[in-house]
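First the structure, in the form of structure tokens, and then the observations on it.
The values are calculated or read from the model by the stated rules, or taken from the named source; none is laboratory data. Not measured: the values here are computed from a predicted model. Here the Cβ positions follow ideal geometry from the backbone for every residue, glycine too, while neighbour counts run over all protein chains shown.
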Amino acid sequence: MALLDVRLYGDPILRRKAMHVQEVTPELRRLISDMVETMFHQVGIGLAAPQVGIPYRLLVMDDGKGGARALVNPVITQRSGSVVDEEGCLSLPGIYADVERSKSVTIEATDEDEQPINIEATGMQARVIQHEMDHLDGILFIDHLSPVARDRIKQKIQKHGFPKERRSRAFAL
Ligand code: ZN
């Protein structure tokens, strides 16, 4: 296992649309375990492959039971409701903002053994999945903000870099 470098805002890979995974190879399985290790090391609860420089439709997330699960080629098949809550991102360290998301989502994907999985997620889990799936399409959480709020964040990063003060709340995605 190895810790991976998390790509930061400004890296072009974070803006690229990720590719469909054709086959879960041993290399990809190793990547998944490295992504899980990196996610927990960074005190995150979700991590998408483009965030570690790999342009594939793959993400890992905290399963809420002390472990992690991988979603390969995830697709949202149903959404309902909407809810606003604060979000952060491992690729934008120290930046937090309120983001509106669907309250619950149904996801179809496969796991690392290429077995189909179907998840009905609500609450934080639904938020994590939507945030990470955005990464697979080159979308960042700040893209959901108003242009004014987004520009304020961009200017702050350009001028001062990422804030040094990081909150310990473990919800960076
Ligand atoms: Zn993120």
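List of remarks:
- A Cβ distance below 9 Å, combined with a sequence gap of six or more or placement on separate chains, defines the contacts here; from the range 153-171, residues that are loosely packed, with under 10 Cβ neighbours inside 10 Å reach residues that are in a loop (DSSP other than H, G, I, E, B) and modelled with pLDDT under 85 in the pairs S168/V43.
- Test: residue in the range 3-18 that is within 14 Å of E132 (Cα to Cα) and touching a strand residue (DSSP E or B) at 6+ places or on another chain (Cβ under 8 Å): yes
- Residue match in the range 123-144 (condition: among the basic types (K, R), in contact with a strand residue (DSSP E or B) (Cβ under 6 Å, 6 or more places away or on another chain) and within 22 Å of K17 (Cβ to Cβ)): yes
- The listed residue being assigned to a loop (DSSP other than H, G, I, E, B), on the phi < 0 side of the Ramachandran plot and among the aliphatic types (A, V, I, L, M), out of V60, V36, V6: V6
- Residue in the range 26-37 that is within 14 Å of the ligand (Cβ to nearest atom), touching a residue at least 12 places away in the same chain (Cβ under 8 Å) and aliphatic (A, V, I, L, M) present: yes
For (1) within 16 Å of the ligand (Cβ to nearest atom); (2) under 22 Å from R127 (Cβ atoms); (3) without any contact (Cβ under 8 Å) to a residue 12 or more places away in the chain; (4) among the aliphatic types (A, V, I, L, M), each residue gets a yes or a no:
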site	(1), (2), (3), (4)
V24	no, no, no, yes
M39	yes, yes, no, yes
V52	yes, yes, no, yes
S82	no, yes, no, no
E87	yes, yes, no, no
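- A single member of L47, L31 is assigned to a strand (DSSP E or B), modelled with pLDDT of 95 or more and out of contact with any Lys or Arg (no Cβ under 9 Å at 6 or more places or on another chain), and it is L47.
- Qualifying positions in the range 64-80 - within 14 Å of the chain's Cα centre (by Cα) and without any contact (Cβ under 8 Å) to a residue 24 or more places away in the chain: none
- Residues of the range 112-143 classified as under 15 Å from V75 (Cα atoms), among the acidic types (D, E) and more than 16 Å from the ligand (Cβ to nearest atom), total: 2
- Long-range neighbours under 9 Å by Cβ, at least six apart or interchain, first residue at negative phi within the range 120-144, second aromatic (F, W, Y) and in a helix (DSSP H, G or I): H131/F141; D134/F141
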